[in-house]
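So the structure is just underneath, and the comments pick up after that.
The values are calculated or read from the model by the stated rules, or taken from the named source; none is laboratory data. Since the model is a prediction, treat every value here as computed from it, not as a measurement. No Cβ is skipped: glycine too gets one built from the backbone with ideal geometry, and neighbour counts run over all protein chains shown. We work out accessible area using only protein heavy atoms, side chains counted, and drop any ligands, DNA or RNA first. Shrake-Rupley method; radii C 1.70, N 1.55, O 1.52, S 1.80 Å.
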Amino acid sequence: MSEDPRPRRRQARGERRISQLLQAAADVFCANGYTAASTNAIAREAKVSPGTLYQYFPNKEAIAIELGGRLIHQMRETHGQVFTPENLSLPLPELIDAVLDPMVEFNCANPAFLALMHGSEVPGRIAEEHDELHASLLSQVRETIRAQAVPPLSPEELDRVADMAFAVFKGGLALIVAAPEGPVRDAAVAELKKVMLRYLSPIVGGAGPGTDPAAPAPAAL
């Protein structure tokens, strides 16, 4: 006897409905922030009744946990694609492109990631997973700089440089995601890459932390 296809169809419809609700939640979180968002607003955005929403999620927190978990999983996959041995062997300008471009693309395609993670009342489980992701990324940044720094940095210098590079990236990323798509966003991406290159070039190039690559060379004695 062949298997009844109806349960599979019901499951597929349920997955589509969940995806619809999560996309609506992402739009509401981006527009209003997590704290100000409500299940009624998410239902309106999804064009369903609140009762339909409650068939899948009991409250706003459950929606945020599901959405945040999916986004964090995608972000982890992005990290794995950029911090590869092949990328880490590239010259610094190309390395910056190889690391920043996928990260910028992900965050611009999923602005709810920043909106949700920066909320003041984000559910604890999501905050914990985000903190773990943050620590993992910072560790990868630190290891990348450690492997390329000439001369080698002390542990204290390495921590300071990695923290600063990561902070610059996060600050620039927030501006990029907020910028309108097109020339304005492209210019912001180029500016972030310029800042990262100017900061890291002396360290990777061997001039030492704090050296300005654009400064004129000292006159010969």
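For this structure, a couple of remarks:
- Rounded to the nearest 10 Å², the accessible area of Met164 at probe 1.4 Å: 90 Å²
- Rounded percent of accessible protein surface that carbon and sulfur make up, the range 12-57, 1.4 Å probe: 46 percent
- The aspartates and glutamates whose alpha-carbon is closer than 15 Å to the alpha-carbon of Lys170, local same-chain residues fewer than 8 away aside, are Asp101, Glu105, Asp131, Glu191.
- Diffusion coefficient of the range 125-205 by Stokes-Einstein, Kirkwood radius over Cα pairs, 20 °C, 1.002 mPa s: 154 µm²/s.
- Note on the range 61-204: with neighbouring protein chains present and a 1.4 Å probe, carbon and sulfur make up 57 percent of its accessible heavy-atom surface.
- Using only side-chain charges placed at the Cβ, +1 for Lys and Arg and -1 for Asp and Glu, the dipole size of the chain relative to its Cα centre rounds to 920 debye.
- Partner lysines for Lys47 [C-alpha distance under 17 Å; skip if fewer than 8 residues away on the same chain]: Lys60
- Solvent-accessible area per residue, Å², over the range 88-152 with all protein chains present [probe radius 1.4 Å]: 51 Å²
- Approximate spin-label separation Glu105-Glu157, in nm, with each point projected 7 Å along Cα-to-Cβ: 3.5 nm
- Local charge for Val204 was computed over the other residues whose Cβ lies under 14 Å away, with Lys and Arg +1 and Asp and Glu -1, and equals 0.
- Among Leu138, Leu192, Gln11 the positive-end extreme of the charge dipole of the chain (Cβ point charges): Gln11
- Cα-based helix-to-principal-axis angle, 155-178 vs the chain, degrees rounded to 10: 50 degrees
- Relative protection proxy for 78-86, 66-74, from highest mean packing down: 66-74, 78-86 (other beta-carbon atoms within 10 angstrom).
- Rounded to the nearest 10 degrees, the inclination of helix 60-82 to the longest alpha-carbon principal axis of the chain is 40 degrees.
- Per-residue extension of 0.36 nm, minus the Cα-Cα distance of Ala36 and Glu94, leaves a gain of 16.8 nm for this segment.
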